[in-house]
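In what follows, a single structure is set out as structure tokens and then discussed.
The values are calculated or read from the model by the stated rules, or taken from the named source; none is laboratory data. In this text, all values refer to a predicted model and were calculated from it rather than measured experimentally. Virtual Cβ from ideal backbone geometry, glycine too; neighbours counted across all protein chains shown. Calculation scope for accessible area: heavy atoms of the full protein, side chains included, ligands and nucleic acids excluded. Shrake-Rupley method; radii C 1.70, N 1.55, O 1.52, S 1.80 Å.
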Amino acid sequence: MLKESESLFCYAVSEFGEPLVPLRMPMPEPKGTEVLLKVDAAGVCHSDLHICHGFYDLGGGKRLLMGDRGIRLPVIMGHEICGTVVSAGPEAEGVTTGVRKLAFPWIGCGSCETCARGEEHYCLSPRFLGIFRPGGYASHVLVPHPRYLLDIGAMEPAIAAPFACSGLTAYSALRKIPESVLKSEPIVLFGAGGVGLMCLTLLGMLGARGAIVVDIDATKRATALELGALAAFDGQDPNLVDLIKAASATGKGVRAAIDFVGVPSTVQTGFDSLMKGGTQVIVGLIGGAISLSIPLIASRAIAIQGSYVGSLAELDELMQLVRRRPPAPLPARRRALAEANAALAELEAGRVIGRTILCP
């Protein structure tokens with residue numbers, strides 16, 4: 001039996017579609033450039049639900065299975081990780097034990113052209129923490145290199161952790177919208193979950209005009225208004241497109257929409273709400289498929305772009321901004337690691353406002 005002092009404790013996916021199971025395994029010993037963190041906080045992300053279930057819904061009865069994506073069981077999830085440096089390998093330079101750091105989880109192979117361009121999150125041989133490598137639903141996590149550790153300043157770990165995914169995903173999506181649009185006109189955000197609300201707080205930090213928020217949940221819409229949304233509409237309102245257009249700068253539509261939900265109805269509404277020359281950024285992974293008119297895409301000069309998490313450079317840029325000008329705090333609930341299954345169930349039921357943070 002492993003002693004607590006020499007073992008790593010975690011909650012892991014041992015079988016897709018089943019609850020997480022507690023496991024105890026030998027404590028990893030950092031080698032080479034590796035750094036061992038004691039996990040102080042780990043955010044619970046909606047994409048963790050897809051991993052638990054074992055698939056993404058591609059629409060039309062098609063599924064992308066996690067096994068086909070290269071994910072192997074057991075999986076220790078958790079990619080929003082903030083922790084304290086415990087030890088490091090002999091080649092890990094500039095590492096100080098006892099310092100709290102935010103871990104960049106979207107790590108690539110490090111040797112392909114994509115990684116060389118600084119786009120590790122697009123790597124075809126990924127080593128993402130919490131997906132392809134053990135993550136933060138654990139007492140400790142091993143990070144491959146010190147360059148993936150970012151300063152959090154005076155922030156509490158539970159506040160800093162969501163920036164590794166929720167914050168980075170929102171920030172990268174915002175960067176895909178022309179700055180002139182962000183500064184001068186409201187954009188529309190679909191989804192007031194953890195990422196949508198984070199995006200709303202970042203808009204204020206970036207000095208943007210603001211956002212119209214769409215969500216089917218009244219409590220989440222109310223939270224969005226409290227965080228500065230210019231308007232908040234029910235996603236099931238039959239007059240939703242007209243409401244969005246009326247709340248836009250021109251009364252005729254918005255120039256940018258970000259979809260943090262990713263279902264046919266939100267994608268279609270976003271498309272229908274755009275003005276000529278508008279930009280639609282799709283982030284959400286809930287799933288499904290949709291048919292769009294090709295002539296309308298061309299004649300309205302609409303740009304439709306997917307956005308998947310973000311780069312290490314973007315996270316570094318974001319954290320510099322956050323340290324200089326902290327955004328409004330995201331609503332968050334702290335839970336013990338032993339409550340991981342309850343936290344996931346609550347998230348799937350749509351009862352989470354903001355983020356749930358596991359604190360081992």
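Overview of results
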read-out	value
Estimated FRET transfer efficiency when R0 is 25 angstrom, pair ARG335-GLU226 (beta carbons, to 0.05)	0.65
Gaussian network model of the chain, springs between alpha carbon atoms under 10 Å - residue of ARG147, ARG325, ARG100 with greatest fluctuation	ARG325
Residues with amide H under 5 Å from that of HIS140, placed H, sequence gap 5 or more	PHE9, VAL39
Separation of the ASP272 and ALA342 label points, Cα + 7 Å toward Cβ, nm	4.2 nm
Heavy atoms of SER180 accessible to a 1.4 Å probe, total area in Å² rounded to 10	80 Å²
Size of the range 171-211 as Cα extents on the principal axes (Å, biggest first)	26, 17, 16
At R0 = 41 Å, FRET efficiency that the Cβ-Cβ distance of GLN236 and VAL86 yields, to 0.05	0.25
Label-point gap, in nm, between ARG63 and ARG147 - each point 7 angstrom along Cα→Cβ	3.8 nm
Relative contact order computed over the range 245-294 (Cα-Cα under 8 Å; 6+ residues apart), in percent	40 percent
37 °C / 0.692 mPa s Stokes-Einstein diffusion coefficient of the range 104-147, Kirkwood radius on C-alpha pairs, µm²/s	306 µm²/s
Ranked order, GLU317, GLU80, GLU348, GLU34 - accessible area, probe 1.4 Å, largest first	GLU348, GLU317, GLU34, GLU80
Convex hull volume of the range 296-360 per residue (C-alpha atoms, cubic angstrom)	186 Å³
At 1.306 mPa s and 10 °C, Stokes D of the range 36-86 from Kirkwood alpha-carbon radius, µm² per second	126 µm²/s
In sequence order, calculated HN-Hα J values of the range 195-201 (Karplus, 6.51, -1.76, 1.60; Hz; x Gly/Pro)	6, x, 5, 4, 4, 4, 5
Fraction in percent of alpha-carbon pairs per bin - 5 Å, the range 37-126	3, 11, 14, 17, 20, 18, 9, 4, 2, 1, 0
Percent carbon-and-sulfur accessible area, the chain, ignoring ligands, DNA and RNA, probe 1.4 Å	53 percent
Under-5 Å amide H pairs with GLY59, H placed in peptide plane, nonlocal only	GLY288
Cα-centred dipole magnitude for the chain, charges only on beta-carbon of K, R (+1) and D, E (-1), debye, nearest 20	540 debye
For the chain, with +1 on Lys and Arg beta carbons and -1 on Asp and Glu, the positive-most of PRO30, PRO126, ILE290 along the dipole	ILE290
The range 1-154: radius of gyration and largest Cα-Cα distance (Dmax), Å	16.0, 51
Radius of gyration and Dmax over the Cα atoms of the chain, both given in Å	20.3, 68
Added length on full extension, which subtracts the Cα-Cα distance from 0.36 nm per residue, THR250 to LEU23	76.1 nm
Long-range tail of P(r) for the range 212-253 (Cα pairs > 11 Å, %)	60 percent
Per-residue HN-Hα couplings for the range 59-73 [Karplus 6.51, -1.76, 1.60; θ = phi - 60°; Hz; x = Gly/Pro]	x, x, x, 9, 9, 9, 7, 4, x, 5, 7, x, 7, 10, 7
Fraction in percent of alpha-carbon pairs per bin - 10 Å, the range 218-312	15, 45, 34, 6, 0
Where Rh is the Kirkwood radius over Cα pairs, Rg/Rh for the range 77-168	0.95
Net charge, GLU119 excluded, C-beta distance under 12 Å - Lys, Arg +1, Asp, Glu -1	-2
Cα-Cα P(r), the range 159-300, percent of pairs per 5 Å interval	2, 11, 22, 25, 23, 12, 5, 1, 0, 0
Environment charge at ASP40 (Cβ cut-off 12 Å; Lys +1, Arg +1, Asp -1, Glu -1)	+2
Two-site label geometry, THR219 and ALA116: point separation in nm, points 7 Å out along Cα→Cβ	5.1 nm
Under-5 Å amide H pairs with GLY354, H placed in peptide plane, nonlocal only	GLY194
Gain in span if fully extended, ALA154 to MET205, counting 0.36 nm per residue against the direct Cα distance	16.6 nm
